[in-house]
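Comments concern the structure below.
No lab work stands behind these numbers, since they all come straight from the coordinates. None of the values given here were measured: they were computed from a predicted structure. For neighbour counting, all protein chains shown are included, and Cβ atoms are generated from backbone atoms with ideal geometry for every residue, glycine included.
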Amino acid sequence: MDQTDRDIINHLHGGLAICDRPYLEAAQRLGLGEDELLERLARLLKDGVLTRVGPLYQIERMGGAFTLAALHAPAERYEIVAKCVNALPQVAHNYERDHDLNMWFVIATETPAEIEDVIAQIERETGCTVFNFPKSREYFVELNLKA
């Protein structure tokens, strides 16, 4: 990563403009061409420096739902269970924890009822009990770490 990459990451942390050409607008503010910005973002994604570039939505306002879920995957089956969970399009990401509930993941669905369907599918396919931890209250915490 060079200083321009750092500047891009730091600038985009604040979001993209809502306009016809948000990347052009961002590129101009950074003193870059739109193509260069897009090429750099593609490289940062490909290299794993960034995992995604995109908006965050309040899914409930659009009729959808999400929840935090966890399960215990036996150590000898952890990778198999992780592949199964990760294969579902409703699973946003998962991560391993040093805890009895050693796999935590976010489920995002088009309707609230679909959450239970996804949990049931994971339980059927993995043989693991899924614990559902829906949010009871929402807080906005802006984490903006400088690159």
Which condition number in (1) within 13 Å of residue 66 (Cβ to Cβ); (2) surrounded by fewer than 10 Cβ atoms within 10 Å (Cβ to Cβ); (3) small (Gly, Ala, Ser) is the one that residue 136 fails?
(1)
Spot the failing condition for residue 4; the list is (1) within 25 Å of residue 141 (Cβ to Cβ); (2) in contact (Cβ under 8 Å) with a residue 12 or more places away in the chain; (3) of a type in the set (Val, Ile, Thr), and only one is missed.
(1)
Can you give me the number of residues within the range 28-68 that are under 17 Å from residue 138 (Cβ atoms) and among the aliphatic types (A, V, I, L, M)?
5
Selection count, the range 70-118, where residues are crowded, with 17+ Cβ neighbours inside 10 Å and aromatic (Phe, Trp, Tyr):
2
